[in-house]
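Asks: Okay, handing you the structure first.
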Amino acid sequence: MSTKAGLRPWLSATRCMRRSQLSALQHRRMYSLLSPDDWQLLQDRRIRFKMLVDLFSKHGSNVTRDNAFQPHHQLHRPLAPSEATLSALIAAGAHFGHAKSLLNPNFMPYAYGVRAGITIIDLDSTLPLLRRAANLTRAIVARDGTVVFVGTRPDLRAVVRKAAERIGPQAFHVGERWLPGTLTNKLQLFGSDVAKEQRVTPDLVIFLNPLANIHAIRECAIQHIPTIGIVDSNVDPRVVMYAIPANDESPRAAELIAGVLSIAGREGRVLRDREEQSKELRQSRYMRAQERGTTRYVADRD
């Protein structure tokens, strides 16, 4: 019995080799080019195969590794405001709220319904509000304003840091803890010289977890600073000036929203750079006209 058991793997391997050799011989006989007619037949088969591929490729999927959804794309390659879709929000889990018993009454306009005791957020309201916040961020950065991203949870520290780096020197981030009195007691916190010489008060503050930073929102309200915040179903949307109803406990949703806002801020910085370049060009033309003794000023022709 032991001899037969030892011969079985060898016999099975021999049979597989014989089958592969037979299939190779059949393939050679099928596609052997012995005459010009065989070559013409092969060319006809290739043409028909190419026609089938061209015909059915239009109806197939065009998903590749580059354009398919990947979880890390929201952090490193975020979407532009015009590219944000409902499917991207659903994939990030932005539609999951808290339990039905924790629903804030003022959140009812943004609630789609209840499923298995969990409040479902209406993403048809989230998407336009996200684009509105992106337009605000773009406009503020384009007018030389400063933006601060606030996310004090450990999983949000990389998100706010990446978002601030994406905009550039006009953006800052708070990832550890908002110090009380950062805005209302800035003379004591930063010093009188720093408070007078530098811009300590931001023009926009974006909160990724507003419920844990309610004291920071209160300081922004005292200083009349516009605020943007991700508002979940257990939060009153009126705590921030521009609310984005979404799941504030999902890191992917925070990455998506912060990425969209940071891309909008980067677009605003590009608009500001173009405006400065056109201003310098107009000024140089005016100076050249003054040197030539011409009083006529020709506007910039873009």
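The values are calculated or read from the model by the stated rules, or taken from the named source; none is laboratory data. Since the model is a prediction, treat every value here as computed from it, not as a measurement. Glycine also receives a Cβ, built like all others from the backbone with ideal geometry; neighbour counts cover every protein chain displayed. Heavy atoms of the whole protein, side chains included, go into the accessibility calculation; ligands, DNA and RNA do not. Shrake-Rupley method; radii C 1.70, N 1.55, O 1.52, S 1.80 Å.
Asks: Return the only residue of Ala243, Ala258 being closer than 30 Å to Leu211 by Cα, under 17 Å from the mean Cα position of the chain (by Cα) and at pLDDT 85 or above.
Replies: Ala258
Asks: A further question on this structure: Restricting to the stretch 38-69, give me the number of residues that are at pLDDT 80 or above, open to solvent by less than 80 Å² (accessible area, probe 1.4 Å) and polar (S, T, N, Q).
Replies: Within the stretch 38-69, residues that are at pLDDT 80 or above, open to solvent by less than 80 Å² (accessible area, probe 1.4 Å) and polar (S, T, N, Q) number 1.
Asks: OK, next. Looking at His72, His27, His76 in this structure, which one is at pLDDT below 85, touching a Lys or Arg at 6+ places or on another chain (Cβ under 9 Å) and of a type outside the set (S, T, N, Q)?
Replies: After applying the criteria, what remains is His76.
Asks: Quick one: would you say Ser35 is at pLDDT below 75 and open to solvent by less than 70 Å² (accessible area, probe 1.4 Å)?
Replies: So Ser35 fails the test.
Asks: Taking the criterion of being among the aliphatic types (A, V, I, L, M), assigned to a helix (DSSP H, G or I), under 15 Å from Glu249 (Cα atoms) and open to solvent by less than 30 Å² (accessible area, probe 1.4 Å), would at least one residue in the stretch 100-116 satisfy it?
Replies: No; the residues of the stretch 100-116 include none that is among the aliphatic types (A, V, I, L, M), assigned to a helix (DSSP H, G or I), under 15 Å from Glu249 (Cα atoms) and open to solvent by less than 30 Å² (accessible area, probe 1.4 Å).
Asks: Just checking, does the stretch 121-132 include any residue being free of Cβ contacts under 8 Å to residues at least 12 places away in the same chain and closer than 23 Å to Ala88 by Cβ?
Replies: The answer is yes, given that some residue of the stretch 121-132 is free of Cβ contacts under 8 Å to residues at least 12 places away in the same chain and closer than 23 Å to Ala88 by Cβ.
Asks: Please work out if Gly229 is over 24 Å from Asn104 (Cα atoms) and either within 24 Å of the chain's Cα centre (by Cα) or surrounded by fewer than 19 Cβ atoms within 10 Å (Cβ to Cβ) (or both).
Replies: So Gly229 does not fit the description; no.
Asks: Residues in the stretch 271-279: is at least one among the polar types (S, T, N, Q) and not in a loop (DSSP other than H, G, I, E, B)?
Replies: There is at least one residue in the stretch 271-279 that is among the polar types (S, T, N, Q) and not in a loop (DSSP other than H, G, I, E, B).
Asks: Of everything in the stretch 241-289 that's acidic (Asp, Glu) and under 23 Å from Asp155 (Cα atoms), which residue is least open to solvent (accessible area, probe 1.4 Å)?
Replies: Checked the stretch 241-289; the qualifying residue least open to solvent (accessible area, probe 1.4 Å) is Asp248.
Asks: Given the conditions (1) assigned to a loop (DSSP other than H, G, I, E, B); (2) in contact with a helix residue (DSSP H, G or I) (Cβ under 8 Å, 6 or more places away or on another chain), and given that Ser61 satisfies all but one, which numbered condition is not satisfied?
Replies: Checking Ser61 against (1) assigned to a loop (DSSP other than H, G, I, E, B); (2) in contact with a helix residue (DSSP H, G or I) (Cβ under 8 Å, 6 or more places away or on another chain), the one that fails is (2).
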